[in-house]
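Below is one structure, written out as structure tokens, with a few remarks after it.
Just so it is clear, none of the values below were taken in a lab; they were calculated from the coordinates. Please read all numbers here as calculations on a predicted model, not as lab measurements. Glycine also receives a Cβ, built like all others from the backbone with ideal geometry; neighbour counts cover every protein chain displayed.
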Amino acid sequence: MAKTKEHINLVFIGHVDHGKSTMVGRLLYDSGNIDEQTMRRLKEKAEQLGKKGFEFAFIMDNLKEEQERGVTIDLSHKRFDTAKYYFTIIDAPGHRDFIKNMITGAAQADCAVLVVSGNPGDGVQAQTIEHLKLAKIFGVGQLLVAVNKLDMADYSEKRYKEVIEDVKLHAKQAGWNVEKVRFIPTAALIGENITKKPTKMPWWTGDTLLEVLDKFEVPQKPINLPLRLPLQDVYNITGIGVVPVGRVETGIMKVGDKIIFVPGREGKGISGEVKSIEMHHEAIPQAEPGDNVGFNVRGLAKKDIQRGDVVGHATNAPSVATEFTAQIVILNHPTVVTVGYTPVFHIGTSQVACQIVEIIKKINPATGQEVPENKDILRNGDAAIVKIRPVQPVVIEKNAEIPQMSRFAVRDSGLTVAAGMCIDLVKKLM
């Protein structure tokens, strides 16, 4: 099948219970991407579980546990077509326990819809702010803010504007250019301003959610860079064999390519050959940046590879670092960061404990100038160049060479404490 429409990865982010899954479900249903029969089944299921009104959320929440708890735990992907584009929708968890999956979601997306509840008791929450920062750090290029649940605020334009002002303030602090961020009012549960013009908000004359999605721009694809595909999961499928799954960050993978997975279980790298590539259950001859694919590999066992490994061509393997130098910014640490601190780094799809072994210099984040005093202690808002040693080798690239593979988030006790990018590295000898 020829790809006629341009492809965009779209992630829905935001605080838990602000209506992300319901919005995605409503969008898919109202635009005809989900049939009546499926919807009826979900409605009955929701009522059985005592979750009346959750049927739209169930479209994406396909794990049984999520349906019982009513919380999105894992990432779910769904194909969705508009008049102009073909989107892969990623519904990312808002609940703080599941933030590592949210990070993977943000790292896979080109564009994001931030859902913020307009219910008078809600508005911008801690997670809303964290998601704004993470989406920016992980290179999400474009942002749309949907102020949702306006049915709980009597469809008030005043409330909509209050929420917008608050979001703008935090978006600016997170590094977004607020002039380029788009805003729309919605009430997803009842379908207001999702695919049809609103009937209860006569004051809104702008776009519906469906219309505004087609105003996103197609991101430039880094096809001229080396192939890099971080693994999200590995499946063993009867009759087919080992099927790793992930998103192509850079370069192109074709059927027949000789590839290498690094670090691999033993840390030596595992080679194989691509037998077939599938995207949204269709066989494709090659995968490009932004494509979420499953691919079958000849000559490898499921136990050889794992989530966090990165695929490259055998002739240009991804860099495995035993130590790296990074520019970091401290976002939200309860005390201070000093040499010896060993939190968990989220790099691509891997999570590795890494130790800060040297603070090379402290810099003023606003000017980029060196700050000579107190350089041994980093507090919230401080930026620095630091030397980092992972407890086990990890795949990371220099920002100057492959920026898509250089970014990371630092997490500790359920908080994103810092974020940064790799500027230099010491390669592990294979």
Subject >> Segments 210-217, 258-265 sorted - mean Cβ within 10 Å per residue, highest first >> reply: 258-265, 210-217
Subject >> Virtual spin-label span in nm between THR342 and ALA314, 7 Å along Cα→Cβ >> reply: 3.7
Original post:
Under the rule of -39500 (n - 2.57) per DSSP H run of 4 or more residues, summed and divided by the residues of the chain, what mean residue ellipticity at 222 nm is obtained, to the nearest 500 deg cm²/dmol?
Top reply: -5500 deg cm²/dmol
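May I ask you to sort ILE377, ILE330 by Cβ crowding, counting other Cβ atoms within 10 Å and putting the fewest first?
Ranking ILE377, ILE330 by Cβ neighbours within 10 Å, fewest first, gives ILE377, ILE330.
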Original post:
Straight-line reach from LYS303: which lysines have a Cα under 21 Å away, not including same-chain ones fewer than 8 places off?
Top reply: LYS258, LYS268, LYS275
Subject >> Positive minus negative residues near ALA171 (Lys, Arg vs Asp, Glu; Cβ under 12 Å) >> reply: +3
Original post:
Under a point-charge model restricted to the Cβ atoms of Lys and Arg (+1) and Asp and Glu (-1), what is the dipole moment magnitude of the chain relative to its Cα centre, in debye to the nearest 20?
Top reply: 460
Subject >> For peptides 115-123, 334-342, sequence by mean Cβ density within 10 Å, most packed first >> reply: 115-123, 334-342
Subject >> Under-5 Å amide H pairs with VAL243, H placed in peptide plane, nonlocal only >> reply: TYR235, ASN236, ILE237
Original post:
Counting Lys and Arg as +1 and Asp and Glu as -1, what is the net charge of the other residues whose Cβ lies under 10 Å from the Cβ of ASP214?
Top reply: 0
Subject >> Residues with amide H under 5 Å from that of LYS361, placed H, sequence gap 5 or more >> reply: ILE385
Original post:
Under 20 Å from the Cα of LYS172, which lysines turn up, not counting those fewer than eight places away in the same chain?
Top reply: LYS133, LYS136, LYS161, LYS180
Subject >> FRET efficiency, 1/(1 + (r/R0)^6) with R0 30 Å, evaluated for LYS5 and ALA353 via beta carbons >> reply: 0.10
**OP:** Pull up the cross-link candidates among the aspartates and glutamates for LYS427, meaning alpha carbon to alpha carbon under 14 Å and not fewer than 8 places away within one chain.
**Re:** GLU323, GLU397
Original post:
Just the Cα atoms of segment 320-427: what Rg and Dmax do they give in Å?
Top reply: 12.7, 36
Subject >> Theoretical FRET efficiency, 1/(1+(r/R0)^6), r = Cβ-Cβ of LYS361 and GLN37, R0 41 Å, to 0.05 >> reply: 0.10
**OP:** Against the globular-protein guess of 2.2 N^0.38 Å, express the Cα radius of gyration of segment 158-302 as a ratio, rounded to two decimals.
**Re:** 1.50
Original post:
Where Lys and Arg each count +1 and Asp and Glu each count -1, what net charge lies around ALA419 among other residues with Cβ under 11 Å from its Cβ?
Top reply: +3
**OP:** Bin all alpha-carbon pair distances of segment 267-388 at 10 Å intervals from 0 and give each bin's fraction as a whole percent.
**Re:** 10, 31, 23, 19, 15, 2
Subject >> Karplus 3J(HN,Hα) series, Hz, for segment 187-203 with 6.51 cos²θ - 1.76 cosθ + 1.60 (x for Gly, Pro) >> reply: 9, 4, 4, 9, x, 6, 6, 8, 10, 10, 4, x, 9, 9, 10, x, 6
Original post:
Each residue of segment 343-356 in order: what ³J(HN,Hα) in whole Hz does its phi give by Karplus 6.51 cos²θ - 1.76 cosθ + 1.60, θ = phi - 60°, with x for Gly and Pro?
Top reply: x, 8, 9, 9, 10, x, 9, 9, 10, 9, 6, 9, 10, 7
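What percent does the relative contact order of segment 320-427 come to when contacts are Cα pairs within less than 8 Å and at least six residues apart?
The value is 41 percent.
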